[in-house]
Each structure stands twice: as C-alpha cells, then as structure tokens.
Amino acid sequence: MKKSLFRTLLAFSACCLSACAVDLGVFEKSDGYESYYDSFGDVKGLYDGGDHTYDIKDSLFNNTTVNSMSWDDDDDRVREEEYVYLILPFKTELKIESLALYFYGEENATMEMSFFYFENEDAAPKSIRYLTSPAPEPVYDEDGNPTGEEDPSYDDPAVETAVLTATISLTSKSWTSIVFGNFQQEGYEDAYLHTADDGLLYLRVENNSGWNVDRLDPVSYSFINLLIRAI
C-alpha cells in the first residue's frame, strides 16, 4: 500500500475545512471544494425495499459533517438502513488514490465490503438480489438428480471481479472510520482507481446481499464524511 495512503485523512474530524489541510490531492484549490462537489453525482444507497439519494455537499462533506459528525438539516441526514449498495457516480476522469468514509451502527457488527467499478450505467447491475429476493431454485435431471440451480437473472457482480475488498468492525453507537486504497483494477497495476466521465463505483456490503443470506448477519448503518483523494 502506498505510503501516502493514510496521510492526514483520518485527522480531518478534528479540524475545520477552512482551517486545516484535508488533503484531497487535485481538489485542493481555492474554490471552497466546489471542484470536488462538481466531480461526483449524488450518492445513492440501495436497500431491500427502497433507496435514498444523498447530495455530497449537503450530506457527506461540509463544515458541519466534519466538525460535528452531524447535519445542518434533518432532510440531509443519512438514514440508517441495511444498504446493500452505495453508488458513487463520476462526472470526470480521475486517478483516485484513496477513499475515506465513516460508518455508524446501533449494534456491534462486522461488515464485509466489495467495491466494483463500471464504465457506465449500461454496464452496472440491473437485477439485484436483496435479502428477501427469491433464492435460485434447484434444477434436476429426468432421474431426479440435481444438476444445478435455476438463475432468476440476478446480475450482481462476482466478488472475484471487485477492485477492492475489505472487512471492518463497527462499534455500537460510535462512528468508525476507514480508509480504502490499493485498488486492483483490471488493466492497471498502479494501485489507483482510474475513473471516466459517467463511470460508477459500487460499494457492496456483503452482509446485506441476498447471496450471503445464510452466511452473514445483516447490518443497518449510516455513513458520513466521504473523502476522496485523487492525484
């Protein structure tokens, strides 16, 4: 992992955005982080039964979120749900070194995560297997022997195709920070995530995926302070 990965990203919660160096690389400009906000679309959280959409400036990175770990307006608060996917759209080409995020849960929990990058919306999954989605049915031959499973056409990406995997532990009623980095993207060997205009990053919490309903316990969580360092 690159030496600069952890830098000062985890120290940001004690500082004011206008007074301390939140080292976001190419986004360190005298524009009040407007270039940062303009580089991403709204973050969408998908959960079993619905979704929420969050504006980064209002909900995920501003003076209040950084200094108070809270929100100016309740309408901007990130709701606690059993999110299976967090989806981050890109509006520009970037070379991302690291991504930091804080998570909150009411209970102690261990979360398994997988990150997937898609070049555009057409390449992203359309049929997601949620916790309550029907399981694949077994298929038998004419003699009654199992030959496999009938696929209900779920197209969640396989973990083996992830650009990054991680496991984190949540402490009940406390914010837990983590920095993600050392991306393993197909076609690149520099440990950065290379994004294009219209690309999307999908963060999947494996606990809340229907593919792991018998292996992992679901986790309800909120999140805040999305910090992306690009070079």
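Where a number appears in this text, it was derived from the coordinates with a stated rule and is not lab data. Model, not experiment: these values are computed from the prediction. Glycine gets a Cβ as well: all are built from the backbone with ideal geometry, and neighbour counts include every protein chain shown.
Considering the chain at the alpha-carbon level, its Rg and Dmax are found to be 18.8, 73 Å. By definition, a body whose alpha carbon gyration tensor gives a ≥ b ≥ c is oblate when a/c is 1.5 or more and a/b is not larger than b/c, and the stretch 58-114 fits this oblate description. Here the stretch 149-212 is treated with +1 on each Lys and Arg Cβ and -1 on each Asp and Glu Cβ, and its dipole about the Cα centre works out to around 640 debye. Since only Leu94, Gly148, Gly105 are under comparison, the one whose Cα sits farthest along the positive direction of the charge dipole of the stretch 76-168, derived from C-beta charges on Lys, Arg, Asp and Glu, is Leu94.
Within the shell of other residues whose beta carbon sits under 12 angstrom from the beta carbon of Ala166, the net charge comes to -1, with Lys and Arg scored +1 and Asp and Glu -1.
Farthest toward the positive end of the dipole of the chain, out of Gly181, Leu24, Phe118, is the Cα of Leu24, where the dipole comes from beta carbon charges about the Cα centre. Exposure proxy for Tyr140, Tyr117, Tyr102, Tyr192: other Cβ atoms within 10 Å of each Cβ, ordered fewest to most, give Tyr140, Tyr192, Tyr102, Tyr117.
Adding -39500 (n - 2.57) for every DSSP H run of four residues or longer, then dividing by how many residues the chain holds, sets the calculated 222 nm ellipticity at -1000 deg cm²/dmol. Basic side chains Lys and Arg get +1 at the Cβ, acidic Asp and Glu get -1 at the Cβ, and with that the dipole of the chain about its Cα centre reaches some 1380 debye. Karplus-based coupling profile of the stretch 79-84, in residue order and whole Hz: 5, 7, 9, 8, 5, 8, with θ = phi - 60° in 6.51 cos²θ - 1.76 cosθ + 1.60 and x standing for Gly or Pro.
Other residues whose C-beta falls under 11 angstrom from the C-beta of Val205 contribute a net charge of -3, scoring Lys and Arg +1 and Asp and Glu -1. For the stretch 48-159, a crude dipole built from +1 on the beta carbon of Lys and Arg and -1 on the beta carbon of Asp and Glu, taken about the Cα centre, is about 640 debye to the nearest 20.
Excluding Met113 itself, what net charge comes from residues whose Cβ is under 11 Å from its Cβ, given Lys and Arg +1 and Asp and Glu -1?
Working: positive: Arg204; negative: Glu112, Glu206.
Net of charged neighbours comes to -1.
Between the stretch 167-189 and the stretch 38-108, the alpha-carbon centres lie 15 Å apart.
If packing is taken as the average count of other Cβ atoms within 10 Å, what order do 164-177, 103-116 fall into, highest mean first? Working shown, then result.
Values: 164-177: 14.4, 103-116: 18.1.
Going from most to least packed, we get 103-116, 164-177.
Neighbour counts of other C-beta atoms within 10 Å: give me Asp214, Asp72 arranged from fewest to most.
Arranged by neighbour count, lowest to highest, Asp214, Asp72 become Asp214, Asp72.
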